[in-house]
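Below is one structure, written out as structure tokens, with a few remarks after it.
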Amino acid sequence: MKVAFTTLGCRTNQHDTAEMQVILEKEGYAIVNSSETADIYVINTCTVTARSDYSSRLAVKKSLAINENATVVFTGCYAQLNPEDSSKMEGLDIVLGNADKLKIAEVLKAKLKNDSLQKESSLAEVYMSDIHADREFQTLPVTQFQGRTKAFIKVQTGCDESCSFCTVVRARGSSASDTRENILDNVRHAIDGGYKEITLTGINLGTWGMDFHLKETFSSLVEDIANLNGNFRVRLSSINPMEIDDHLIELISQHEKICPHLHIPLQSGDTEVLSKMRRNYNAKQYEHIVRRASEKISPLGLGADVIVGFPGESEVSFEHTRKLIEELPFSYLHVFSYSPRSGTEAHNFKNNIKNITKKERNLILNDLVKEKAQQFYKSFIGKKVTVLVEERKQADGVLKGYSEHYIPVSIDAEGFLQNQLVSVLITEIRKNKLIGCLES
Ligand code: SF4
């Protein structure tokens, strides 16, 4: 039987999809592309914004448009938070909770066995165990990830914070960490599988090890991973500011296998807005952590998530955000216009901001960071970077990939260099990427 996956949202969700693919392949299913005809379509949903809700539901329609008789499984955070509504969606057969994803093979077996029996109701079957129940972290060694060059290793899931705008914490449950041994095994697996970049991911990544009886630090785990043998590099996905300790900064500044790239969600540069968001830091603390990191790690690829238009965000508080971003060495930003999410504390907050104002503020920050990125890119002309070559562009035949600082690079070179870490001399900037040639 053929199975196709559609995955929305974060790297943790991508890792979940990779795990479900491993399980089904072991059962003899063939994994095909989501645009191909399949017997089963699995939609791994996201609910961070209203837009991701819409895309999650649309993915069901798109799949049934290819094969109306297919079995459709709906899982991920949107399904987790809306099981009843999901079960009523036309053409859906199974709604699977986030904590039940590793049971996908048995659930499908039961479904396909029952198919011969007349279905009593048109509602989809719901498999949803309590995501907030105490649980042991489970993950599988994965050997295949979307794309051939980067492996996403999930080290932690869930979150114990309670940011007032966030739905994730309700969809993923409390924080749970994988064991150091299992993570090191998974990383060795990926290295043996030929992956040159290991991206560590989680819902609240930096809190890895804090839920153990004897607490362990995330930085000590990063050190163990970087010290493994093999030709690979380590990249951290999004990490909250208060989880960045001196040891981690020291490691990134010293260890050549760890990418000098940090993605540190900011959300707002105004302390009053941050407290309404229930973030566990204020603007001064954020600034302090970023300055400490960028002084030690140079050059540092630095990104952040920012929400504009949070309820109560006045012109003055927005100016605090704009000014902080102007002063800190960001090389890219993900700017989101606030989208009220039902079931969150902020959903009931008054003093909402007009969409036109959100749009303006979004534009201001994106224009600002475009300039900063250009300045950052310029600093690499005449210098060497290490690029993981991902593919050769059909259009112009150049090779493309990302530098260790998370900058897109195009290389004018012959030969099959995909999935290799190559040293590149940067010669110029074109649009929003670096152009370079192979170092001889
Ligand atoms: S840290 Fe905050 S935003 Fe991030 S998952 Fe936890 S509650 Fe959500």
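A few comments on the model shown:
- From the list ILE191, ILE198, the lone residue that is surrounded by fewer than 22 Cβ atoms within 10 Å (Cβ to Cβ), more than 10 Å from the ligand (Cβ to nearest atom) and either assigned by TED's automatic domain parsing to the domain that holds ARG279 or on the phi > 0 side of the Ramachandran plot (or both) is ILE191.
- On the stretch given as segment 37-48, residues that are surrounded by 22 or more Cβ atoms within 10 Å (Cβ to Cβ) and more than 27 Å from LEU205 (Cβ to Cβ) total 3.
- Pick from segment 399-425, criterion aromatic (Phe, Trp, Tyr) and surrounded by fewer than 19 Cβ atoms within 10 Å (Cβ to Cβ), ranking: farthest from SER379 (Cα to Cα): PHE416
- Residue pairs meeting the criteria (Cβ under 7 Å; at least 6 apart or on separate chains; first free of Cβ contacts under 8 Å to residues at least 60 places away in the same chain and assigned by TED's automatic domain parsing to the domain that holds ALA373, in segment 333-346; second of a type in the set (Lys, Arg) and part of a loop (DSSP other than H, G, I, E, B)): none
- Residue, most open to solvent (accessible area, probe 1.4 Å), within segment 237-251, restricted to residues that are within 15 Å of the ligand (Cβ to nearest atom) and not polar (S, T, N, Q): MET242
- Scoring SER298 on the criteria (1) in contact (Cβ under 8 Å) with a residue 60 or more places away in the chain; (2) surrounded by fewer than 22 Cβ atoms within 10 Å (Cβ to Cβ); (3) not aromatic (Phe, Trp, Tyr) leaves a single failure, condition (1).
- The condition (being crowded, with 16+ Cβ neighbours inside 10 Å, out of contact with any strand residue (DSSP E or B) (no Cβ under 6 Å at 6 or more places or on another chain) and assigned to a helix (DSSP H, G or I)) is satisfied by just one residue among ARG57, ARG51: ARG57.
- When segment 1-36 is limited to residues that are under 19 Å from ILE94 (Cβ atoms) and of a type in the set (Ser, Thr, Tyr), the one that is least open to solvent (accessible area, probe 1.4 Å) turns out to be THR17.
- Number of positions in segment 5-39 that are part of a strand (DSSP E or B) and in contact with a helix residue (DSSP H, G or I) (Cβ under 7 Å, 6 or more places away or on another chain): 4
- Tally, over segment 320-333, of residues that are touching a Pro at 6+ places or on another chain (Cβ under 9 Å) and open to solvent by 30 Å² or more (accessible area, probe 1.4 Å): 1
- Pairs, first over 9 Å from GLY301 (Cα atoms) in segment 393-407, second modelled with pLDDT under 70 and assigned to a strand (DSSP E or B), C-beta under 9 Å, six or more apart: VAL398/ARG392; LEU399/ARG392; LYS400/ARG392
- Options VAL169, VAL126, VAL142; residue that is among the β-branched types (Val, Ile, Thr) and assigned to a loop (DSSP other than H, G, I, E, B): VAL142
- Cβ-Cβ under 7 Å pairs, at least 6 apart or on other chains, segment 272-287 side in contact (Cβ under 8 Å) with a residue 24 or more places away in the chain and polar (S, T, N, Q), far side open to solvent by 30 Å² or more (accessible area, probe 1.4 Å) and within 15 Å of the ligand (Cβ to nearest atom): ASN280/GLU161; ASN280/MET242
- Test: ILE203 is in contact (Cβ under 8 Å) with a residue 40 or more places away in the chain and more than 16 Å from the ligand (Cβ to nearest atom): no
The values are calculated or read from the model by the stated rules, or taken from the named source; none is laboratory data. In this text, all values refer to a predicted model and were calculated from it rather than measured experimentally. Don't worry about glycine lacking a Cβ; one is built from the backbone with ideal geometry, like all the others, and counts go over all protein chains shown. Calculation scope for accessible area: heavy atoms of the full protein, side chains included, ligands and nucleic acids excluded. Shrake-Rupley method; radii C 1.70, N 1.55, O 1.52, S 1.80 Å.
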